Structures are given as C-alpha cells and as structure tokens.
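Written out below as structure tokens is the structure these notes cover.
The values are calculated or read from the model by the stated rules, or taken from the named source; none is laboratory data. These numbers come from a predicted model, not from an experiment. Here the Cβ is made from the backbone with ideal geometry for all residues, glycine too, and neighbour counts use every protein chain on show. With ligands, DNA and RNA removed, areas are computed over all heavy atoms of the protein, side chains included. Shrake-Rupley method; radii C 1.70, N 1.55, O 1.52, S 1.80 Å.
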Amino acid sequence: MTRALAACFALAGLVAGTGAVAQDRMTMVSWGGAYGRATDRALLQPFSAATGVRMSMEDFNGGLAEIRAQVETGNVHWDVVDLESADAIRGCDEGLLEELDPAVLFPDQDAAEAAGDFLPGTLSDCGVGLIIYSTVYAYHRDHFPGEKPAAMADFFDVERFPGRRGMRRSPYGNLEFALVADGVPVDRVYEVLSAPGGIDRAFGMLDSIKEHVVWWEAGAQPPQMLADGEVVMSTAYNGRLFNAQVVENQPFEIVWDGQVLDHAQLTIVAGSRNLDTALAFLAYAARPESMAAMSRYISYSPVRSSAMALVTTHEDTGVEMDPYMPATPERLERSVFNDWDWWADFGEQVNERFGAWLAR
C-alpha cells in the first residue's frame, strides 16, 4: 500500500473524530453561488470540523484550461475540482487528474457493493459522482399572463412566446434542447447527433432563435436576467432556480420537459500537493449521508440509491425537497441523460464550431 493510500485510510477514520490530519489544508474549486454555498455547508464545514483541515473554496465556470495549465507548468495549487462529467473523462484521458481506487473511496465498505449503489456512469476512473443536477428552462410569470410555455418546443417558438431568451454560451445542453424542440425523442438525441446531419439539424434550430438570445456564462446570471426583465425565459441550472423561487420568492416557473440531466464529478488535480487529504475528502463526500446533506441545501438529487431515501426538507426554509428534485420518476420520462462519452469524443470540435457560429 502506498503512503497516499495508507494516509487516506487513516484520514477516513479521522472523519469520525479520532484525531488530526497531517496535511492541514485543502483547496476545492466549484461553481459558486447557491451550489457553492451548499457544498460548503454540507461538505467542507463538516469535514473541516471533524479533521481540523482548513478548507478553502474557489469559484470557476468549468473547463480544463486552468487545470491543464497548472499540471503542465508543475504549479498545482488546486486540489479537488468539481467538474462536468465530460470534462472529468477528458481530463482523466489527458492525465490531468489523479486516478482513483474504489477501495480508497469506500474504506469501510465492500468496494464493489458500494459502487453498485451509484447510478450508472456516476463513478469514473478519475471522478466520483456527488449529485444529479439538470439544465432546464424557466420563465417569468409576469411576462405570460395567458398561455404559458410548457414544453421545450415553446422555448424555440418566438411567435407564440415572444421575447428574448437566455442561453449558456456553450454548446453543452443547447444542442440537446434544440433537437428535443425539433421533435427528437429524448432517448434518441445522441443517436441523432451521431448520425450524418444531426449536428447540422441542432444548429439549424439554434439559428432560428439566435437573434433573440442573450448569452450567459456564470450560473448566477439566468435568475438575475429573469428578475431584471432582460429576458422572458432562460435556460438555467435547476438548483439556481430553486434558490430564486424558494429563498428569494421570485415568480419563476420551471419547465422540466426536455431537461438535460448531468452529474458532478469530484476530481483531484494530478500533482495535488495535498493528495492524502483530497482522497480523504472524496471518501467523505462519497458517503450516502454526505450526498443527502447536499440535498438539504440545494435541489439536486443524490447519485447513490441509498442516499435518496435520506433526503428530507430544505435546511433553511423547511420546504419538502422532493417536488424540486430533477430525478423523479415522472421527470425522468422526459429527460435527456447527458452522454459524457459523446461529449468527450466530440466536444472539442463542437466547441470550435459553436464559437465560429457565435462569431458570424
């Protein structure tokens, strides 16, 4: 057993409150906003209280550019990074992330049994799933006193539902939305994208509303754009919308039809200076109790089946969380599951095309 693995087992024991750790600090990089606050309250603060590790958090907007720069220069100052699943797979393939041993993630469980408790695809060679979130769209009720948007096709129908739309400045999710709006069944989206003309078809739908779109980059922007009246509807992360609806009492309505489900992958940057602590933190975050704790602060579903039964109410408001969860049985029927393998294979070329399309 390597020193790192041995230390990880020791640190995992320390989470139960049996002592202090050798590496006394760790930096986690995540998405900020309501999700960042939930991560801090559900994971970072309890882990720090149990181990004495000083935890710090930085925000970013995703991607591998900064990780690649740190690894290539040998100046690694991030430890754990919360990546979109496609980036986690791509980063693993490029050697930018540490490979993980399931036995390390589940030191007090049978590794195979624990891995079987995770939803399919939420464990990878370099990442451990935490929560399922979705990209949906929402509208401001004041702009639609009569007929209201109810399907993904309505987002692309600027004649029946006029006004500017907010969309993420990225092809992720937008290609899937475009095809669902064009009548592609949710379970055939990637089949169509992989077929000749499929990507062209998606961009054709995006062309139809391009002049009506206000592009956003950070997750905090869509709720603010809706509140300010800059747009009448916008794609957004469902957790950001929950915070606006329940905590801030904003008059937004979520349209779940055609939502794109994805999951967070907690990863460790290759060459992390605090590898032992980072491994122990991932083992802590991988527990069902930790995932259920996340769902008490934000409306994201756990990726472990055993954790779903532990989800109860919102910590601050007492609201029952189940109605706001993306992975309910009825919502799953009209959901697109993000195919991170497809994005890992085609993401670079699609990103290049999207950038050129935006510039036209």
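The residue list ALA153, GLN224, SER301 was ranked by how far each Cα lies along the charge dipole of the chain toward its positive end, using unit charges on Cβ atoms, and GLN224 comes out on top.
Think of each Lys and Arg Cβ as +1 and each Asp and Glu Cβ as -1; about the Cα centre, that makes the dipole of the stretch 207-351 roughly 480 debye.
Note on the chain: with charges restricted to the Cβ of Lys and Arg (+1) and Asp and Glu (-1), its dipole about the Cα centre is near 620 debye.
For the stretch 169-186, backbone phi angles converted through the Karplus equation (6.51, -1.76, 1.60; θ = phi - 60°) give residue-by-residue couplings of 6, 6, x, 4, x, 5, 5, 5, 4, 4, 6, 4, 4, 8, x, 6, x, 4 Hz, Gly and Pro being listed as x. Couplings for the stretch 212-227, taken from phi via the Karplus curve 6.51 cos²θ - 1.76 cosθ + 1.60 with θ = phi - 60°, read 9, 9, 9, 8, 10, 10, 9, x, 6, 6, x, x, 5, 4, 5, 5 Hz in order; Gly and Pro are left as x. Secondary structure note: in the stretch 98-255, about 60% of the DSSP beta bridges are antiparallel. The slack between ASP110 and LEU310, meaning 0.36 nm per residue of separation minus the straight C-alpha distance, is 69.9 nm. Between PRO149, PRO302, PRO196, the GNM of the chain built on Cα springs shorter than 10 angstrom shows PRO196 fluctuating the most.
When the residues ARG54, ARG165 are ordered by accessible surface, computed with a 1.4 Å probe over the protein chains alone, the sequence from largest down reads ARG54, ARG165.
The amide H of ALA270, built 1.01 Å from its N in the peptide plane, has LEU97, GLU98 as neighbours under 5 Å, considering only residues 5 or more places off or on other chains. For the pair GLU147 and ARG334, a Förster radius of 22 Å applied to the C-beta separation gives a FRET efficiency near 0.65, rounded to the nearest 0.05. When the chain is treated as a Gaussian network with alpha carbon springs shorter than 10 Å, the biggest mean-square fluctuation among SER48, SER299, SER234 belongs to SER48. Helix content alone sets the calculated 222 nm mean residue ellipticity of the chain: runs of n ≥ 4 DSSP H residues at -39500 (n - 2.57) each, divided across all residues, give -10500 deg cm²/dmol. At a Förster distance of 30 Å, what's the computed FRET efficiency of GLU159 paired with VAL247, Cβ-Cβ distance as r, to 0.05? That gives a FRET efficiency of 0.30.
For the chain, the relative contact order comes to 26 percent (Cα pairs under 8 Å, sequence separation of at least 6).
Between TRP215 and ARG54, the modelled labels are 4.0 nm apart [label points 7 Å from Cα along Cα→Cβ]. Based on the Cβ-Cβ distance of ARG68 and ASP200, what FRET efficiency does E = 1/(1 + (r/R0)^6) give at R0 = 35 Å, to the nearest 0.05? So, using R0 = 35 Å, E works out to roughly 0.70.
Starting from 0.36 nm per residue, how many nanometres of slack lie between GLU320 and ARG353 once their C-alpha separation is accounted for?
Additional length available on full extension: 7.6 nm.
Of the solvent-accessible surface of the chain, computed with a 1.4 Å probe over protein heavy atoms with every protein chain present, carbon and sulfur atoms account for 48 percent. For HIS143, the solvent-accessible surface with a 1.4 Å probe is about 80 Å², rounded to the nearest 10.
Excluding ligands, DNA and RNA, what is the solvent-accessible area per residue of the stretch 150-303 at a probe of 1.4 Å, expressed in Å²?
Value returned for the stretch 150-303: 32 Å² of accessible area per residue.
Among the listed options (i) -0.89; (ii) -0.70; (iii) -0.61, the one matching log10 I(q)/I(0) by the Debye sum over Cα atoms at q = 0.10 Å⁻¹ as calculated from these coordinates is (iii). Rounded to the nearest 20, the Cβ-based charge dipole of the stretch 270-360 about its Cα centre (Lys and Arg +1, Asp and Glu -1) stands at 160 debye.
Just to be sure I understand: with springs between alpha-carbon atoms less than 10 Å apart, which residue in THR135, THR312, THR73 has the highest mean-square fluctuation in the Gaussian network model of the chain? Of the options given, THR73 has the highest mean-square fluctuation.
Ranked from largest to smallest solvent-accessible area, with a 1.4 Å probe on the protein heavy atoms, SER305, SER170 come out as SER305, SER170. Here the label points at ARG360 and ARG25, each 7 Å from Cα along the C-beta direction, are separated by 4.9 nm in the simple model. Based on protein heavy atoms only, the stretch 321-360 ends up with 59 Å² per residue of surface accessible to a 1.4 Å probe. Residue ranges 188-195, 220-227, 326-333, 78-85 sort as 78-85, 220-227, 188-195, 326-333 when ordered by packing (mean number of other C-beta atoms within 10 Å per residue, highest first).
Solvent exposure of GLU320, expressed as accessible area, is near 110 Å², computed with a probe of 1.4 Å over the protein chains only.
Going highest first, how would you order 266-275, 240-249 by mean Cβ packing within 10 Å?
Per-residue mean Cβ counts within 10 Å order the peptides as 266-275, 240-249.
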